[in-house]
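Q: Sharing a structure with you now.
The values are calculated or read from the model by the stated rules, or taken from the named source; none is laboratory data. Keep in mind that what you see is a predicted model, and the values were worked out from it rather than measured. As a convention, Cβ positions derive from the backbone with ideal geometry for all residues, glycine included, and neighbour counts pool all protein chains shown. In case anyone asks, the SASA skips ligands and DNA or RNA and just uses the protein heavy atoms, side chains included. Shrake-Rupley method; radii C 1.70, N 1.55, O 1.52, S 1.80 Å.
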Amino acid sequence: MGIGGDILRLIASYLIQRKQIVKINNTRSEECEVISGVPQGSILGAIFFVAFINNMCDACQNSIMFLFADDSKARSASILGLQRDLNACCEWASKHGMTFNSSKTVFMVFSSTPEEHASSSILVNGLQIHPSNCIKDLGVFVSSNLKWSTHISEKLRCCYAMFYNLRRSIPFNTPIKTKLQLIKSFVLSILTYCCSVWHPNARDLQKCEILLSRVTKWISSEKDYSKRMQICGLLPIGLYLNYRDLVLLNSLLLEKYDFPIFDYVSMVYQDYPLRNFQKPVFCITKCDKVRTENCFFLRVVKLANKLHQNSNLSVFDPPTSFKHQLLKHFQLIYNL
């Protein structure tokens, strides 16, 4: 890694000659020397661990591996190639004094004919693992059929549980502004978590709107749903998801995140003679399947092109003003 001299000695002094004890009530165990690992809960510990496992990806010859803290994922077009790489990773772990947790390892096959792979399996440290239909990954429920109904159902369940807790705990005569802030912080934040990853179908979208109708009825006594939404300054879920998609595109285009957006999206400029200026038109490879069309890049390209055609906004505007103006634009659409 190119680390040596005083810095290496400083790191070594941080890790070596550490001891640990176990304390239960007033009883303490004897001290035991820590011979491996990093101090849990420390800032440097997480950095050292990531640096330690960083070259594990080199063991994969047939798969693409993704690392996030102590989670690792391998993606391959071949189950046989995936198994070879898993064996290589297990060897790497054993060589470096680590083991994979087989009980927390999951295996999923994405295929248009999942029944053909129902009997497939992989081995991790001798434990046979069969394909899962749905897994939870960083709070998002991913299904093997690439549909999002399971994820949305789980998030709605959590939202209703949180909403009922708020309704029992917070007096009904609490100011609207306070109740609205509580709903945004504890309910809608759960529902819209990672919303650029998933996309609801018409039925799931209706379920989300029912939730929104119930929470706004608690916030305001106004009977009409549209008027309650205006009082709360909220957008219908469908429009809000579009808003979040465009805000993320704006951040990617302005390089707020280190992501190669133009590897997925191309752009040309179109003249507007009557307005005497140019606006970008985004392009992306067309797809035949509806499930593929619902991916973020295809959705946001359509939204951005439509926004440029129907307003003076541009996805290249400064982030703060873009968010504010885009929200006003969608509120105007909803009120009309």
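Q: Can His96 be described as touching a Phe, Trp or Tyr at 6+ places or on another chain (Cβ under 8 Å), open to solvent by 40 Å² or more (accessible area, probe 1.4 Å), closer than 30 Å to Val38 by Cα and not aliphatic (A, V, I, L, M)?
A: For His96, the condition - touching a Phe, Trp or Tyr at 6+ places or on another chain (Cβ under 8 Å), open to solvent by 40 Å² or more (accessible area, probe 1.4 Å), closer than 30 Å to Val38 by Cα and not aliphatic (A, V, I, L, M) - is met.
Q: Taking the stretch 1-34 only, how many residues are open to solvent by 100 Å² or more (accessible area, probe 1.4 Å), β-branched (Val, Ile, Thr) and modelled with pLDDT of 85 or more?
A: Of the residues in the stretch 1-34, 1 are open to solvent by 100 Å² or more (accessible area, probe 1.4 Å), β-branched (Val, Ile, Thr) and modelled with pLDDT of 85 or more.
Q: How many residues, within the stretch 36-47, are surrounded by 11 or more Cβ atoms within 10 Å (Cβ to Cβ) and part of a helix (DSSP H, G or I)?
A: Number satisfying all stated conditions: 4.
Q: Of the numbered conditions (1) in a strand (DSSP E or B); (2) open to solvent by less than 40 Å² (accessible area, probe 1.4 Å), Leu67 satisfies every one except a single condition; which is it?
A: Just one mismatch for Leu67, condition (2).
Q: Picking from Val142, Val109, which residue would you name as being of a type in the set (Val, Ile, Thr), within 26 Å of Cys195 (Cα to Cα) and touching a His at 6+ places or on another chain (Cβ under 6 Å)?
A: Of Val142, Val109, the one residue that is of a type in the set (Val, Ile, Thr), within 26 Å of Cys195 (Cα to Cα) and touching a His at 6+ places or on another chain (Cβ under 6 Å) is Val109.
Q: Tell me whether the stretch 147-158 contains one or more residues that are closer than 30 Å to Ile79 by Cβ and at pLDDT below 90.
A: yes
Q: Given the structure, is Tyr334 open to solvent by 40 Å² or more (accessible area, probe 1.4 Å) and at pLDDT 90 or above?
A: Judged against the criteria, Tyr334 is not a match.
Q: Of everything in the stretch 227-247, what is part of a helix (DSSP H, G or I) and either free of Cβ contacts under 8 Å to residues at least 24 places away in the same chain or at positive phi (or both)? Give them in sequence order.
A: Lys227, Arg228
Q: Moving to a separate point now. For Lys147, indicate whether it is open to solvent by 60 Å² or more (accessible area, probe 1.4 Å), assigned to a loop (DSSP other than H, G, I, E, B), among the basic types (Lys, Arg) and under 30 Å from Leu205 (Cβ atoms).
A: When the stated conditions are applied, Lys147 passes them.
Q: What pairs come out if I take residues in the stretch 300-327 that are under 12 Å from Val247 (Cβ atoms) and surrounded by 18 or more Cβ atoms within 10 Å (Cβ to Cβ) and pair them with residues that are among the basic types (Lys, Arg) and at pLDDT below 90 whose C-beta lies under 6 Å away, six or more apart or interchain?
A: none
Q: List the number of the failed condition for Glu33; all other conditions in (1) more than 25 Å from the chain's Cα centre (by Cα); (2) not in a strand (DSSP E or B) hold.
A: For Glu33, the exception is condition (2).
Q: Identify all residues within the stretch 220-250 that are open to solvent by 10 Å² or more (accessible area, probe 1.4 Å), in contact with a Pro (Cβ under 9 Å, 6 or more places away or on another chain) and more than 19 Å from Leu205 (Cα to Cα); write none if there are none.
A: Hit for the stretch 220-250 is Val247, nothing else.
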